[in-house]
Structure formats: C-alpha cells, structure tokens
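Novice: Here you go, one structure.
The values are calculated or read from the model by the stated rules, or taken from the named source; none is laboratory data. A quick note: this is a predicted structure, and the numbers were derived from the prediction, not measured. Backbone-built Cβ (ideal geometry, glycine too); neighbour counts: all protein chains shown. To get the accessible areas, we keep the full protein, side chains included, count just its heavy atoms, and leave off ligands, DNA and RNA. Shrake-Rupley method; radii C 1.70, N 1.55, O 1.52, S 1.80 Å.
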Amino acid sequence: MKLDCYNEVKALTEALVEIPSVTGEPGGESAVAKYIRDWYRALPYFKKYPERATVFKTANDSVDRHCALTWIRGEGGDSSRTVILIGHIDTVGVEDYGTLKALSVRPSELAQKLRETFTLPPHVLEDMDSGEFMFGRGVLDMKSGVAGHMAVMKYFSEHPEELCGNLVHIAECDEEDNSHGILTALDVLAELKREQGFEYIACINSDYSTFDSAGDPTRYIYFGSIGKLLPCYVAFGKEAHVGASFQAFDPNLLIAEVTRELCLNADFCDEALGEVTLPPVSLKQSDTKERYTVQTALCAYGYYNFFTHGRSPAEVLELCRKAGERAFERTVEHLDAQYKKYCGLAGKPYEKLPWKPRVMTWKEFYAGAEAQHGEPFRKAVRELAQRIQDEQPDTDLRQLSLRLTEEVWKWYSDKSPALVLLFGSIYYPRIQMGCSPGELALQSAVELAVEKVAPQADRKIKTKMFYPYISDMSFMSVCDDAASFLPAAENMPAAKAACQPDMEKMLAINVPVVNIGSFGHDGHMLTERVDMLHTFRNVPNITYETLRELLK
Ligand SMILES: [Zn+2]
C-alpha cells in the first residue's frame, strides 16, 4: 500500500480523542479544531502557506465553536478541480461510561478498566483480546476518520505534484446535533470557490460504519446517503372529568394510534437502487400535563424517525398525513364502538359521538389562524418564538415547535379535536447517486481504489449505494427538486430557530459524495471501538487512491 500511515493515524486518533469535544460543551470542539490547525501549521507546506490551515467560527449558533479548514493547491498541472474531504470532530456525551467517564478519552488505559469494571459481552471481550481494536469515545465516531484525512492531506502537502487539482479538508463541529459546522462550511466553501477558482467535483466523508448484520466480515464504502425526517404529531383533544370520560376526546389515544400506524411499520420502508431503509420508529410520545389531575389530557404529541432513500419530503408529508387520517378514523371508530357497548351494558340511551377526523399540516394549520386573525396572530407567534429563544436559548427544537403549535391553537375558534402534522427537525437530505457523469466518475474512481487496496487489505471491502446513518454528507448534494424539498422547512414551526439547510447554498456546492470511513462497533456506546488495521491503514489508502484517480 502506498501510504505507510498506520502508526501516524493511530497516534493522531489518540491525540484527537484525548481532547474531549462533546457536542455543544464549551470549548471542546474549538480545542480540537485548533489542534488540527496547529498540527497542519507545523508541516513544511503550511509553514510556507499558513493561511491555508485555519479555523472558522460557526454562524447563527448559540454555542461558541469552530471548524478547521485546510487546503492544498495541486502542482501536477493547472486544474481548478477540487475534492472536499469532510469529517466531524464532536462526539456524543460520555455519561454511558458511568464511573469511567474520565477514562473514556484515554484509549490506552480504557480497555483494561472496562474489563475490570463491567461485565462485557463475549464478542466485546473477543475483540478486546484480539488487540485489533481501540476503545474510547470518538475513536470510531469519528476522530479516526478525521485522523486518516489528516494523514492523506499531509502526504499530498509533501507531494503536491501528484495532484492535478486541489484538496480542501473540513473538520467540522456539531455533527451530532444541529449541523451548524457543515452548514457554515457551505458559505466558506462558496467563498473559496470565488477566491481560489475551485470547481468542486466530489466530497469524501470519513464517518463510521459498522457491520450490516452480526458476524458480517465486510467493510463497506457508501455512495450517497440515506435521508431523514422527523414527522411530529400534535393532538388536541377535548378534556373531561374522569367521571364523564366518554365526553372526552383523549389525545393520548389518538397519538397511540399514530404510533401504532407508524412505528416499525414495514410498509413505510423506502426502497431505491435495490437498498431498503428501516421503517419509522417512535422517539417520543407524551401528553403535556405537568402533574396528576383527574381531568383527561388536552394535548399530546409524538415524533418519529423517518428514513428515506427515494422519497422526497413532500411525499413523506403526504404519507404521514394519510397515516394521521387513518389513526384519527380508527380512534373515532373505537370511541364510538366502546360507547355503544357501554350504553348497552349500563342501560343508557346511545347517541353517536360527535367526533370527526381533522388532520392538518403545520402550513395549513398556521394559515387557518392567519386567515382569521391576520397580523395580531402573526405577531403573537413571532414574539413567543423570540421570547423562548431569548430566555431559554437551549430549548429543544421539538419543545419549541410544540409551544408554537399550542400558541396557534389558542387562536382557533373551532376547538373540535385536531391532529397537526409538522416536522420537528431539519431535513437531512437523501442523496441518490448513479446518474450524472460526475457521480459515475466518482464511483469508478472508488471502485478502482478498492481494487488496488483490496489484495493487501486483510479485510473484505464492498461498496453500497446509501450511507445508512445520518451524516453531514447530506448537505453536500441536492437530489430533490425545490417543490419536493420545500415542504420540509415550510412545515417546521421552529425553522427560523434551527440552522436550516439552504437549498441555494447546497446547490452552489452540490457534488457527488462517498463515505470512505472508519469501521468498528458500538458507536455511541461505552464499548465503542474501532478496527485499527482497516481504519488506520486501509481507509486512508483507499482515499489516497481515489484522490489520485479523480485528480490525475
Ligand atoms: Zn459520526
């Protein structure tokens, strides 16, 4: 293999892991970004061009944090073609390590302590005994991926004559939460494009992956990416005292039916290019009562993770609306049937209950109140959003959406039960590749790179069409058109508070993507571990060969 980088990537991974950088915690993410900048600036190339290794601060962010930006101009011919390397430097929290929290960022000591402290499953102990895995927070997700990019960048900084084109490396913060890092990077990339005349042709991410199914020995490289939406339903019911419970329309019952409709329902799996997503899954279900009372609830809500390969936000919105309508109809039928039965048992006269299905998207819901009340209504909603953000800037976006939905409901004169469908998070766009010449060029460059590295890789390596986890790669490419993309933002009450992906900005970059990343097990768990041989040696070499092929 061309790059003899195992030891260097290993040492860099440890160095990056030892700087705690839990998403949003003060100082951590910036410290890693600055470490990366300083590491580059100690190399001869960047001593000559220090302005090519910098950090930049995220925009519109309540947290003060930075990303690292580094670039190299190739000297093997005059070309504006530029490949972007990305990888995130933040990690999820370390609470899962319990008493070993402080050691979670000390890979050299952690494994032994884990063994002494916890009862670990046999396959984890097997990996530990093999000596092939490094343990620690961020070793897999994904400081080792960033370290690999640094080694590749270092090599090309010493051999710029091997590049007929340019490289940009972004090590971004806030991937695990709201993607402020990569969304700010879109502006920075656009600026570089203007100033340096870069023409972006591909983006290589190095985020982690794990096996497809237990025991699968294959390491995967992924073109494109899965998409993700967070449909959220807010149900407004009709309250009643428990002594008159058939007079109530219980929003908990309605949300329960929505969960029944969506949760792990394989009819919602989305197939494209022969690959299938997991079905939606429930992430929260609750009513809004703060304490016990003998009154039934007035409002309840639930939200659901929804993956896509081929479907646009517009299609998902319609599917979810229909699911909401079915859930509402079933709730009404159930209530009526039970009431009829009860009346029979109790010897009371039965009269059909008054409930009617009523499902609205956020856009329709807002427009309904706006049509009736105009500016005073708009002002009230605007001011509430501002007040919440001023007073509690770290309010969860779902809670913000819920409070705004409740505010709109206050303005409704028709208080018959209703179900409002909205998006609780920004849209992580799907990327479906395989059509344009640029996409095909990237695919064949990667396949060729795998062919070159595979014979000495000691691992089986295969390519697939959709990266199955959420990553910042989603913002580097656009494959939905504006009409099918827009409903994602239009139906998100907290859109203004969130760092929304801006389609115009994404279109300005819009490159084919591939994830050539770290491999290991148990990302986001206390047994997080990375396959060192594959990640420290094979991955940087596949990336290297891909770059040579793309920029030859
Ligand atoms: Zn990650």
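Novice: Taking the dipole about the Cα centre of region 242-337, with the C-beta of Lys and Arg at +1 and of Asp and Glu at -1, give me whichever of 274, 301, 331 is farthest to the positive side.
Specialist: 301
Novice: Using each residue's phi in region 119-135, evaluate 6.51 cos²θ - 1.76 cosθ + 1.60 at θ = phi - 60° and report the 3J(HN,Hα) Karplus result to the nearest Hz, with x for Gly and Pro.
Specialist: Calculated HN-Hα couplings, in order: 7, 9, x, x, 5, 5, 4, 4, 4, 5, 5, 5, x, 8, 10, 9, 9 Hz.
Novice: While we're here: Note the full-extension length gain between residue 481 and residue 190 as 0.36 nm times their separation in residues minus their Cα-Cα distance, in nm to one decimal.
Specialist: Net length gain for the segment: 102.7 nm.
Novice: From the protein chains alone at 1.4 Å, what is the descending order of accessible area for 4, 187, 481, largest first?
Specialist: Values: 4 150, 187 60, 481 95 Å².
Correct descending sequence by accessible area is 4, 481, 187.
Novice: I would also like to ask the following. For region 269-277, in order, what is each residue's ³J(HN,Hα) by Karplus, 6.51 cos²θ - 1.76 cosθ + 1.60 with θ = phi - 60°, in whole Hz (x at glycine and Pro)?
Specialist: 4, 10, 9, 8, 6, x, 10, 10, 7
Novice: Still on this model: Tell me, what is the percent relative contact order of region 305-402, built from C-alpha pairs under 8 Å that lie six or more residues apart?
Specialist: Relative contact order here is 21 percent.
Novice: Measure off 7 Å from each Cα along the Cα-to-Cβ vector at residue 43 and residue 115, then give the distance between these two points in nanometres to one decimal.
Specialist: Each label point lies 7 Å from its Cα, and together they span 3.6 nm.
Novice: Right, another one. Leaving out ligands, DNA and RNA, and with a 1.4 Å probe, what % of the accessible surface on region 125-266 is carbon or sulfur? Present the calculation step by step, with values, prior to reporting the outcome.
Specialist: Details: 2000 of 4250 Å².
With neighbouring chains kept in place, the figure for region 125-266 is 47 percent.
Novice: Can I ask one more? For the chain, what value does the Rg/Rh ratio take when both radii are computed over Cα atoms and Rh is the Kirkwood radius, given to two decimals? Write down the numbers at each step before the final one.
Specialist: Details: Rg = 25.9 Å, Rh = 25.3 Å.
Here the Rg-to-Rh quotient is 1.03.
Novice: If you don't mind, another one. Taking the mean number of other Cβ atoms within 10 Å as a proxy for protection, how do you rank 207-215, 338-346, 105-113 from highest to lowest?
Specialist: 105-113, 207-215, 338-346
Novice: May I ask you to derive the FRET efficiency for residue 177 and residue 15 from their Cβ-Cβ distance with R0 = 25 Å, giving the value to the nearest 0.05?
Specialist: It comes to 0.60.
Novice: In nm, what is the difference between 0.36 nm times the number of residues separating residue 351 and residue 60 and their Cα-Cα distance?
Specialist: Full-extension gain reported as 99.2 nm.
Novice: Among 130, 72, 185, which residue has its Cα furthest toward the positive end of the charge dipole of region 52-203, with +1 on Lys/Arg Cβ and -1 on Asp/Glu Cβ?
Specialist: 72
Novice: A follow-up question, please. Might you report the magnitude of the Cβ-based charge dipole of region 171-241 about its Cα centre, with Lys and Arg at +1 and Asp and Glu at -1, to the nearest 20 debye?
Specialist: For region 171-241, the charge dipole is close to 280 debye.
Novice: At most 11 other Cβ atoms within 10 Å and a DSSP loop assignment: could you name the trypsin sites (Lys or Arg not before Pro) in region 251-331 that fit?
Specialist: In loop regions of region 251-331 (DSSP not H, G, I, E or B), the sparsely surrounded trypsin sites (Lys or Arg not before Pro) are 291.
Novice: Next question, about the same structure. Counting Lys and Arg as +1 and Asp and Glu as -1, each charge on the Cβ, what is the dipole of region 119-252 about the Cα centre in debye, to the nearest 20? Don't skip to the end; give the middle numbers.
Specialist: Numbers: 8 positive and 22 negative charges, 75 e Å.
Dipole size: approximately 360 debye.
Novice: Kindly report the accessible area of the chain per residue (heavy atoms of protein chains, probe 1.4 Å, no ligands, DNA or RNA), in Å².
Specialist: Value returned for the chain: 41 Å² of accessible area per residue.
Novice: Calculate for the chain the 222 nm mean residue ellipticity that helices alone would give, adding -39,500 (n - 2.57) per DSSP H run of length 4 or more and normalising by residue count, nearest 500 deg cm²/dmol.
Specialist: Values: 16 runs with 217 residues, N = 552.
When only DSSP H runs of four or more count, the value is -12500 deg cm²/dmol.
Novice: For the pair residue 392/residue 341, report the inter-label distance in nm, with labels modelled 7 Å from Cα in the Cβ direction.
Specialist: So the two model labels end up 3.9 nm from each other.
Novice: Using a 1.4 Å probe and counting only protein heavy atoms, arrange 533, 229 so the residue with the most accessible area comes first.
Specialist: Values: 533 50, 229 0 Å².
Sorted by accessible area, descending: 533, 229.
Novice: Once amide H atoms are built 1.01 Å from N in the peptide plane, which residues 5 or more positions from residue 466, or in another chain, come under 5 Å H to H?
Specialist: Residues meeting the criterion, in which the H sits 1.01 Å from N, are 223.
Novice: How many lysine pairs in region 1-144, separated by 8 or more positions in sequence or lying on different chains, have Cα atoms less than 26 Å apart?
Specialist: 21
Novice: I've got another one for you. Once amide H atoms are placed 1.01 Å from N in the peptide plane, what residues at a sequence separation of 5 or more from residue 281, or on another chain, have their amide H within under 5 Å of its amide H?
Specialist: Those qualifying (amide H under 5 Å, at least 5 residues apart or on another chain) are 264, 305.
Novice: Over the chain, what is the relative contact order in percent, taking alpha-carbon pairs closer than 8 angstrom and at least six residues apart? Spell out each step's value before the answer.
Specialist: Details: 1143 pairs, mean separation 123.9, N = 552.
Relative contact order here is 22 percent.
Novice: Dipole of region 422-552 (Lys/Arg Cβ +1, Asp/Glu Cβ -1, origin at the Cα centre): which of 492, 438, 551 lies farthest to the positive side?
Specialist: About the Cα centre, the residue reaching furthest to the positive side is 551.
Novice: Still on this structure, please answer the following. Report ³J(HN,Hα) in whole Hz for each residue of region 519-528, in order, from the Karplus equation J = 6.51 cos²θ - 1.76 cosθ + 1.60 where θ = phi - 60°; Gly and Pro get x.
Specialist: Karplus values, whole Hz, x for Gly and Pro: 10, x, 9, 6, x, 6, 10, 5, 9, 3.
Novice: If you place +1 on the Cβ of every Lys and Arg and -1 on the Cβ of every Asp and Glu, how big does the dipole about the Cα centre of region 34-88 come out, in debye to the nearest 20?
Specialist: On the way: 10 positive and 6 negative charges, 29 e Å.
For this selection, approximately 140 debye.
Novice: Could you pull out every residue, at least 5 positions away or on a different chain, whose amide H is within less than 5 Å of the one on residue 74? Hs are placed 1.01 Å off N in the peptide plane, and Pro or chain starts have none.
Specialist: Excluding prolines and chain starts, which carry no amide H, the hits are 165, 166, 167.
Novice: Using the basic label-point model (7 angstrom from Cα toward the beta carbon), what is the residue 199 to residue 123 distance in nanometres?
Specialist: Label at residue 199, label at residue 123, 4.7 nm between them.
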